[in-house]
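The values are calculated or read from the model by the stated rules, or taken from the named source; none is laboratory data. If you're wondering where the values come from, they're calculated on a predicted model, not measured in any experiment. Note that we place each Cβ from the backbone using ideal geometry, even for glycine, and neighbour counts take in every protein chain shown.
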Amino acid sequence: VFYRTPASISFQWAVWSRHKQRFDVNYDDYHALFTGKPIVPATQRKPPFWRTNKPMNQLIFGMQHINKDTIRAIIEKLNDAPLVFYTGYPSIIYQIATTAVAAGLNMMAGPKVIFTGAEPLHEFQRNVIEAFFGCLVTDQYGTSEGVANASKCPEGNYHVDFEMGYLEVAPDDIGDDPATGELLMTGFTNLGMPLIRYAIGDRGKLSRGSCACGRHSPVLSKLEGRSEDYVLTPEGNKITRFDYIYKGVNGLEEAQVIQRKAGEIDILLVTNTEFTSDEQRKILEALTRYVSPTLEVHFKVVNDIPRTRSGKFRAVINQL
Ligand SMILES: [Zn+2]
């Protein structure tokens, strides 16, 4: 469990909002959000495959419903609504672009700019997304713990949002660039659970000097890590997040999803005495409802879940 104060969450939103203003859009402009969270039940076969969130002025699309059967309705909706910007996981927006191209669909009314986050934006994804939607893609680097953040400028450099936390690099022996090392973060805004020189498990390099955009804040370059695995469902969807299938399940301490074969997954569970077969059934029901009705699931109760070499817990591992 990680606690954050309301003030620290507000600060994070202000930093995200500033990133948007660098591209002449406001956070409350009408926009589309592409999320890994379930938005409509997986069994739903007819549009709408999205929901409107009035207070946030957004249309929300869930990755569970992006496939060759739904893509036409989704592109029609995007073309129909005058959306100022898109935001969400790059893997999901990339999936829309590739699925739409394969279906021979065109974007008539793309947004002004696309903001991605939570996962690294790969070069191949950026090229496909920019070509299909006809606009620039930008992203920012952040942490769910709210300790540090860096947002891209129009020149494509990650400027450290230094008011939020102190970001430093601890040089290590990995690789051949001595200036690249493990990122350590000290947050300034979350007094509810302060973290000092917190090692998030990512590596990078900081450079000073002026950027062509005119900003003088340090630039985070060579960001490594943060790649996320996914599960490929028999329906052809790529699912990177599973936290919602464990919601309301008692007696569960940790869980990890591993895909070794097409069409099936193993779920490793670390449980305590409160965990019963009823709890396992809840997980299976949520999976069937939100992830895939046909995916084969094997549960394995284990004593512990191994960490990566850098000590990171991985919720999803793909061994396909
Ligand atoms: Zn810049």
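Of note:
- Strands (runs of 3 or more DSSP E) enclosed by segment 201-291 - at least 2 residues per element that are within 16 Å of the ligand (Cβ to nearest atom), touching a Lys or Arg at 6+ places or on another chain (Cβ under 9 Å) and within 30 Å of ASN157 (Cβ to Cβ): 219-224
- Of the residues making up segment 134-145, at least one is over 16 Å from LEU220 (Cα atoms) and either surrounded by fewer than 15 Cβ atoms within 10 Å (Cβ to Cβ) or of a type in the set (Ser, Thr, Tyr) (or both).
- Residue within segment 155-163 that is assigned to a strand (DSSP E or B), aliphatic (A, V, I, L, M), touching a Phe, Trp or Tyr at 6+ places or on another chain (Cβ under 6 Å) and within 16 Å of the ligand (Cβ to nearest atom) present: no
- Against the list (1) touching a residue at least 60 places away in the same chain (Cβ under 8 Å); (2) farther than 28 Å from ASP202 by Cα; (3) crowded, with 22+ Cβ neighbours inside 10 Å, the condition ILE74 fails is (1).
- Tally, over segment 127-147, of residues that are touching a residue at least 40 places away in the same chain (Cβ under 8 Å) and in a loop (DSSP other than H, G, I, E, B): 5
- With respect to being at pLDDT 90 or above, farther than 21 Å from ALA32 by Cα, away from the ligand (no atom under 16 Å from the Cβ) and out of contact with any Cys (no Cβ under 6 Å at 6 or more places or on another chain), ALA148 fits the description.
- For segment 43-63, a residue qualifies if it is farther than 29 Å from SER151 by Cβ and touching a strand residue (DSSP E or B) at 6+ places or on another chain (Cβ under 9 Å), and exactly one does: PHE49.
- Residue match in segment 69-84 (condition: among the polar types (S, T, N, Q) and within 29 Å of SER292 (Cβ to Cβ)): yes
- Residue that is farthest from the ligand (Cβ to nearest atom), among those in segment 164-186 that are surrounded by 20 or more Cβ atoms within 10 Å (Cβ to Cβ) and under 18 Å from PHE11 (Cβ atoms): MET185
- Residues that are outside any strand (DSSP E or B) and either within 11 Å of the ligand (Cβ to nearest atom) or in contact (Cβ under 8 Å) with a residue 40 or more places away in the chain (or both) within segment 187-200 comprise THR189, ASN190, LEU191, GLY192, MET193, LEU195, listed in sequence order.
- Total residues in segment 1-26, condition under 20 Å from the mean Cα position of the chain (by Cα) and under 26 Å from GLY192 (Cα atoms): 16
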